[in-house]
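Have a look at this one before I ask anything.
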Ligand SMILES: Nc1nc2c(ncn2[C@@H]2O[C@H](COP(=O)(O)OP(=O)(O)OP(=O)(O)O)[C@@H](O)[C@H]2O)c(=O)[nH]1
Ligand SMILES: [Mg+2]
Ligand SMILES: [Zn+2]
């Protein structure tokens, strides 16, 4: 039987049977989920699991189907990739201009952490103002929408972008992902006060959750304070920087980090590549270089 994972809390999963159209509480059977890649969490919301029911409402998961897309981050403490959401058609990276303030370098890392699907950028809290830094992303080809979950501004436009797709909402804690999802879906998820959260250093949403209603499916995810791009895909990094794809450098396969004959410095001078974006690109490459490859690490971690 095939299940779609709709909620994951401490290795207990809410799994929707695609054959029966109903929910089971599911667990993973032993260590059957051996994958080539060591990962912090073997099952993520959005995953398609294979398993069997063993009671009227309980099931055992024995395998996970290969993901066609994911939003993953590097878990610094565990030195492993961590999948936040899987199999989405698009990642909606939610930002705000004031509280919390817009951080373009964070946005760049978030874009590079999404793979296999379209990325859209949602600037929420438009009632507090719109950071003009977001315009650059529209010029780069990312669909950008400015909304306010509070006033309802822009929600119809956003809905149109979500219709018929599975969208993972990701981003910093406090930008209003859950509030937006409540406004869009009529759901009633817990949302938090920004100041309260920062004082206590905690997040409001503590596990990912799949919600479907009226042709729109969203995955709400816990916010993060920091994001490091996942190990180790340089191709993914390049995909996140479409402005570099037109670079014609002396050496084919140039990584654009200081090689002789690299054309990117010239592109920056001519205003074709934004300097901050290039800084993000370099920082991401550096962070990948610093990581120890899997075969040099113990599997115990
Ligand atoms: N002014 C304003 N405040 C908003 C808007 N959307 C959300 N908020 C507020 O922002 C705060 C954080 O909202 P949440 O929805 O909990 O944020 P989140 O992104 O889900 O946070 P995590 O679950 O921790 O990742 C709450 O106090 C919301 O009321 C908006 O459009 N305008
Ligand atoms: Mg939330
Ligand atoms: Zn180059």
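Read-outs throughout are calculated quantities, based only on the coordinates presented, and are distinct from any laboratory measurement. Given the structure is predicted, the values throughout are model-derived calculations rather than measurements. Cβ sites come from the backbone with ideal geometry, for glycine too, and all protein chains shown count toward neighbours.
Using Cα springs under 10 Å in a Gaussian network model of the chain, which residue among 85, 63, 15 shows the largest mean-square fluctuation?
63
Of 3, 102, how do they rank once you tally other Cβ atoms within 10 Å and put the fewest first?
With the fewest neighbours first, 3, 102 line up as 102, 3.
Could you compute how fast the chain diffuses translationally, taking Rh as the Kirkwood radius over C-alpha pairs and applying Stokes-Einstein at 20 °C with viscosity 1.002 mPa s? Give it in µm² per second.
105
Output the direction-averaged projected area (hull surface divided by four) of the convex hull of the alpha-carbon atoms of the range 70-220, in nm².
8.7
Additional query: Among 257-265, 42-50, 222-230, how do they line up from the highest to the lowest mean number of other beta-carbon atoms within 10 Å?
42-50, 222-230, 257-265
Just grab the label-to-label distance for residue 187 and residue 54, each label 7 Å out from Cα along the Cβ direction, in nm (one decimal).
2.9
Just report the Cα centroid separation between the range 237-254 and the range 77-129, whole Å.
22
Identify which of 129, 141, 271 has the largest mean-square fluctuation in a Gaussian network model of the chain, with springs joining Cα atoms closer than 10 Å.
Among 129, 141, 271, the largest GNM mean-square fluctuation belongs to 271.
How do 2, 256 rank when sorted from fewest to most other Cβ atoms within 10 Å of their own Cβ?
Neighbour counts put them in this order, fewest first: 2, 256.
Suppose only helical runs count, i.e. DSSP H with n ≥ 4. What mean residue ellipticity at 222 nm does that imply for the chain under -39500 (n - 2.57) per run, divided by all residues and rounded to the nearest 500 deg cm²/dmol?
So the helix-based figure for the chain works out to -6000 deg cm²/dmol.
Say we join alpha carbon atoms closer than 10 Å with springs in a Gaussian network model of the chain; which of 236, 282, 18 then has the biggest fluctuation?
18
Using 0.36 nm per residue, how much length does the chain from residue 118 to residue 62 gain when fully extended, once their Cα-Cα distance is taken away?
So the extension gain works out to 17.2 nm.
Let me ask something additional. Quick one: order 179, 62 by neighbouring beta-carbon count within 10 Å, fewest to most.
In order of increasing Cβ crowding within 10 Å: 62, 179.
Grab the Cα-Cα distance for residue 160 and residue 29, subtract it from 0.36 nm times how many residues apart they are, and report the gain in nm with one decimal.
43.2 nm
Bin all alpha-carbon pair distances of the range 1-118 at 5 Å intervals from 0 and give each bin's fraction as a whole percent.
So the P(r) values, bin by bin, are 2, 11, 19, 20, 17, 13, 8, 5, 3, 1.
Pairwise over distinct Cα atoms, reciprocal of the mean inverse distance: report the Kirkwood radius of the range 234-296 in Å, one decimal place.
It is 12.5 Å.
Can you compute the modelled spin-label distance between residue 9 and residue 77, with each label point 7 Å from Cα toward Cβ, in nm?
Simple spin-label model gives 2.0 nm for this pair.
May I ask you to list the residues of the range 109-143 whose amide nitrogen lies under 19 Å from a point 7 Å from Cα along the Cα→beta-carbon direction of residue 275?
132-137
Same structure again: Full-extension gain between residue 291 and residue 259, please, as 0.36 nm times their residue separation minus the C-alpha to C-alpha distance.
Gain in length upon complete extension: 9.4 nm.
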